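What follows is a short report on a single structure.
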Amino acid sequence: MSEAAIAYSTYQTYLMYRTTTSGTYTKLIDIKDYPDLRPTPNLIDVTTLSHNSEKQIPGIIRMGDGYSFTANYTKENFKLVKGLEGNQYDYAVYFGGTTAGVPDGNQGAISWTGDIFAAIVGKGVDDAREMTINCYPSTDPEWTETPT
């Protein structure tokens, strides 16, 4: 009998995209990190003079400055992301892949629709050249157990 996993590594985490809603997700570029993908909502204070402690209800989810990912800079990576700018496409972060390294999201996925922007990160002596991929969601991020 196999024991259920108690935690998973970030190994095989992929930034994916598709340009049509009926299309298939494709890996955008390899990423080095990913942000919090399901921000918590603002809290609205509903305390009255009858309460002896604060009472709060969830408000809207603040996306802040969107999602920022770090990747290694190559001319090809930068050009690919720059080519997507100014368009509303579907993006996703897939958790998990096959033993051959093919992204399949077998541990779930977070997806959204939005715009994207690439920027080159400042660096110093003996550093790897990096870029950021900034995603600006126009839809609520959704977690799915099995990506489509």
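The values are calculated or read from the model by the stated rules, or taken from the named source; none is laboratory data. Quick caveat, the model's predicted, so the values are computed rather than measured. All Cβ positions, glycine included, derive from the backbone under ideal geometry; neighbour counts span all protein chains shown.
Computed quantities for the displayed model
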| read-out | value |
| --- | --- |
| Answer residue from segment 3-42, given it is modelled with pLDDT of 95 or more and touching a Pro at 6+ places or on another chain (Cβ under 8 Å) and is nearest to F117 (Cα to Cα) among those | M16 |
| Answer from A92, A128, A71, A118 - the residue that is over 20 Å from T13 (Cα atoms) and either at pLDDT 95 or above or not hydroxyl-bearing (S, T, Y) (or both) | A128 |
| Test: residue in segment 43-57 that is touching a Gly at 6+ places or on another chain (Cβ under 8 Å), surrounded by 10 or more Cβ atoms within 10 Å (Cβ to Cβ) and farther than 16 Å from I116 by Cβ | yes |
| Listing of strands (runs of 3 or more DSSP E) fully contained in segment 43-106 that carry 2 or more residues being within 20 Å of Y25 (Cα to Cα), in contact with a strand residue (DSSP E or B) (Cβ under 8 Å, 6 or more places away or on another chain) and in contact (Cβ under 8 Å) with a residue 60 or more places away in the chain | 67-72, 89-95 |
| Single residue of segment 73-116 satisfying the filter (over 17 Å from T132 (Cβ atoms) and polar (S, T, N, Q)) that is surrounded by the most Cβ atoms within 10 Å (Cβ to Cβ) | S111 |
| All positions within segment 9-31 that are assigned to a loop (DSSP other than H, G, I, E, B) and among the hydrophobic types (A, V, I, L, M, F, W, C) | L28, I29, I31 |
| Matching residues in segment 122-147 - criterion: being of a type in the set (A, V, I, L, M, F, W, C) and closer than 30 Å to G59 by Cβ | I133, C135, W143 |
